[in-house]
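Below: one structure, written as structure tokens.
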Amino acid sequence: MTEPVEIGILPVRNTVLFPDVTVPILVGRERSKRLIEALSGQESPLLGVIAQRVPEQDEPGLEQLYGLGVTGRLLKVSKVNDDNLQLVIQGENRFRVLGPGKTESYLTASVEVIEQKIESNFELDALARSVKALAVSLIDLRSDLPNELATMVQGITGPGRVADMITFGMNLGVPEKQAFLETLDVKERLEKVAESLSKEIEIARVTRDIKEQVQGAVGKSQREYFLREQMKAIQKELGEEDERTVEFNDLQKAIEEAKMPPEALKEANQELERLRKLPPHAAEYSMLRTYLDWLVELPWSVSTEDHIDIAEARRVLDEDHYDLDKVKERIIEFLAVRKLKSDLKGPILCFVGPPGTGKTSLGKSIARALGRKFARVSLGGIRDEAEIRGHRRTYVGSLPGRIIQGLRKAGSNNPLFILDEIDKVGTDFRGDPSSALLEVLDPEQNFSFSDHYLGVPFDLSKVLFITTANVLHTIPPPLRDRMEVLELPGYTSDDKLQIARRFVLPKQLAENGISEENLTICDAALGMVIHDYTREAGLRNLEREIGTVCRKVARKVAEGTATQVNVDESTVHEHLGPQKFYSEISERTDQPG
């Protein structure tokens, strides 16, 4: 070791300089050119060459460089163009970076030069000869290397020079070459080089054998196929995997992690083996791949835990819905029984009532009270049985039925599942969907529900099904027999007034970007909207009319013509227009005619 000295540092991107090696280096960075300019007046100038840890960095500091480099003599400088310089540098000694230098116009460092005086012995000489012999063998195997290189290798003397110069010539990345450079013990360095050369020789032999085998199997017209086969064979010999193998391994792992029941697991493994044997361009390949994706993404074993707190459930129902006391009581009873008996089968609740009475939102409230995922499917207008049971895998567009699709979307095998508009299921030549629903909604059968697309049973017994309908008489009797009907009657005027004040008005204010400071509506005005502008059992038209008032106020606020609007009985018609409905009592007379 020597005393610390300060030298200029030349960072290089994809090169590792070794002692006694002469290399050309192209310089284009301004800071590096300033260094060369500073050295230009010296005779046989010396500088430090260090590889960058990250080649993409344009102006690296010392912390972005490796901690060990090689001092080099600047033998030649030539100008390539206006921006770049071509340097010829000969490596001399290793050095270790101690800290930054004092010069700021270019990169400098305080370094400690490592001068190695190697005393030759029989073991080192034997190792050096072995390394040279391995290098010559590799040159003979590699057709892309000139034969003259073998003569140059034989002429290298000194164990350290043998290790350094052969390492420099090997086809290795910067991190690997830097590791050899940082190995200061010559014996250890020679052993590492020998090991690396042995691996390269084995790869070269395998490549040669593969090339000979493949060339015998294909003709000149199949060059592209030959290259592809050669790549596969090399990857197989090296233990690497191509994209298709990685895909199959990922599928196999996904199948294992899905925790399917035995029957589904057997089917999935059989279809995966079929997929392995099919070429990627086969028509059936994409169908099988899609089928396996459906199998592994279904929540076979994923469940949510019920958190049933009767008081909290009551609070949630009261918070989301006004009145409906009988329906709420039945729901609370249902939840209480489920809390005491977690494996309760059924019943299937059916909410029947006019549009806008809150049937679907009741289902959402039950899901929130239970802590379950929520899934919803609208059955209105369905006439094809395959919408429930799925399509058979006989064509590219085959898909599972809506029940299985809803479960996949929910990501749980025990969600609360709303089947909306069950009274509007139709029947035609494509089948009877209502009959397919019999199996779905029967607690004694749905533990092994069979979807035509899946081809294996799926357990629906953990799913909490709730159906909704506007009327009962259009539901087939066998289907209606499987459900417990809870009727939601229409709201009275007093109910509507309370719901409008507590739920509808705050919702519409928020949706239209205004607040209670911008709009106030008295109860008399709300009552007028209920009696004179709506005539329904539910609340949808009432919500639309209140939304109309909110939009007109929002326009005035946006235009700056008003910041606060008070709506009373005398101003309702200004926002909603002429009265739409009249009480028939006022039209009655004492005498007919």
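The values are calculated or read from the model by the stated rules, or taken from the named source; none is laboratory data. Remember, it's a predicted structure, so these values are computed and weren't measured experimentally. Note: ideal-geometry Cβ built from the backbone for every residue, glycine included; neighbour counts use all protein chains shown. Surface accessibility is based on the protein's heavy atoms, side chains included, excluding ligands, DNA and RNA. Shrake-Rupley method; radii C 1.70, N 1.55, O 1.52, S 1.80 Å.
What to note about this one:
- Shown here is the pair-distance distribution of region 27-132: with all Cα-Cα distances grouped in 5 Å bins from zero up to the longest one, the shares run 2, 10, 17, 20, 20, 11, 7, 6, 5, 1, 0 percent.
- In this simple spin-label approximation, F248 and D83 carry label points 7 Å from Cα along the Cα→Cβ vector, and these lie 4.8 nm apart.
- DSSP-assigned coil residues among GluC sites (Glu not before Pro) in region 479-518, each with at most 11 further Cβ atoms within 10 Å: E516, E517
- The slack between E59 and H281, meaning 0.36 nm per residue of separation minus the straight C-alpha distance, is 75.1 nm.
- DSSP bridge analysis restricted to the chain gives an antiparallel fraction near 60%, rounded to the nearest 5.
- Model label points for S450 and K364, set 7 angstrom from Cα along the Cα-to-Cβ axis, are 3.8 nm apart.
- Rounded to the nearest 0.05, the FRET efficiency derived from the C-beta distance between V206 and V302 at R0 = 60 Å is 0.85.
- Ranked packing of 468-478, 354-364, most packed first, by mean Cβ within 10 Å: 354-364, 468-478
- The accessible surface of region 437-593, taken with every protein chain in place and a 1.4 Å probe, is 49 percent carbon and sulfur.
- For the pair region 408-470 / region 147-201, the C-alpha centres are spaced 70 Å from each other.
- Ellipsoid semi-axes in whole angstrom, largest first, where each is sqrt(5λ) of the Cα gyration tensor of region 449-498: 34, 15, 9
- For the residue pairs K339/K373; K364/K424; K339/K507, alpha carbon separations beyond 24 Å are given by K339/K507.
- Here is what passes the span test in the chain: the DSSP H helices with alpha carbon length of 27 Å or more along the helix axis and a Kyte-Doolittle mean of -0.5 or above are 122-141.
- Summarised as an ellipsoid, the chain has semi-axes of 80, 38, 22 Å, derived from the eigenvalues of the Cα gyration tensor scaled by 5 and square-rooted, with the largest first.
- Linear extension gain, D125 paired with I332, 0.36 nm per residue minus alpha-carbon span: 65.5 nm
- Gain upon complete extension [R73, V471; 0.36 nm per residue less C-alpha separation]: 133.7 nm
- Shown here are the Rg and Dmax of the Cα trace of region 478-572, at 16.5, 61 Å.
- A 1.4 Å probe run over the protein chains yields, for region 361-437, 41 Å² of accessible area per residue, whole-number rounding.
- Percent of Cα-Cα distances greater than 18 Å, calculated over region 323-371: 30
- Sulfur and carbon atoms: percent of accessible area, region 33-122 [1.4 Å]: 45
- On the basis of the beta-carbon distance and an R0 of 56 Å, R408 and S570 show a calculated FRET efficiency of 0.50.
- Along each principal axis, taking the top coordinate minus the bottom one, the Cα set of region 331-472 gives 46, 33, 25 Å in descending order.
- Computed from the C-beta positions of E229 and E195 and an R0 of 35 Å, the FRET efficiency is 0.70 to the nearest 0.05.
- Unit charges at the beta carbon, dipole of the chain: most positive-side option, P175, L497, V572: P175
- Options W300, V136, G48, ranked by Cα towards positive dipole end of the chain, top entry (Cβ charges): V136
- Relative contact order %, the chain, counting alpha carbon pairs below 8 Å whose residues are six or more apart: 9
- Ranked by the mean number of other Cβ atoms within 10 Å per residue, highest first, peptides 412-425, 520-533 order as 412-425, 520-533.
- Net charge dipole size for region 1-113 [Lys, Arg +1 and Asp, Glu -1 on Cβ; Debye, nearest 20]: 180
- With Cα atoms defining each centre, region 545-559 and region 257-331 are spaced 44 Å apart in the structure.
- With protein chains left intact and a 1.4 Å probe, residues in region 447-589 average 54 Å² of accessible area per residue.
- Computed [θ] at 222 nm, deg cm²/dmol, the chain (DSSP H ≥ 4; -39,500 (n - 2.57); rounded to nearest 500): -14000 deg cm²/dmol
- Euclidean distance between Cα centres, region 60-139 to region 474-508, Å: 84
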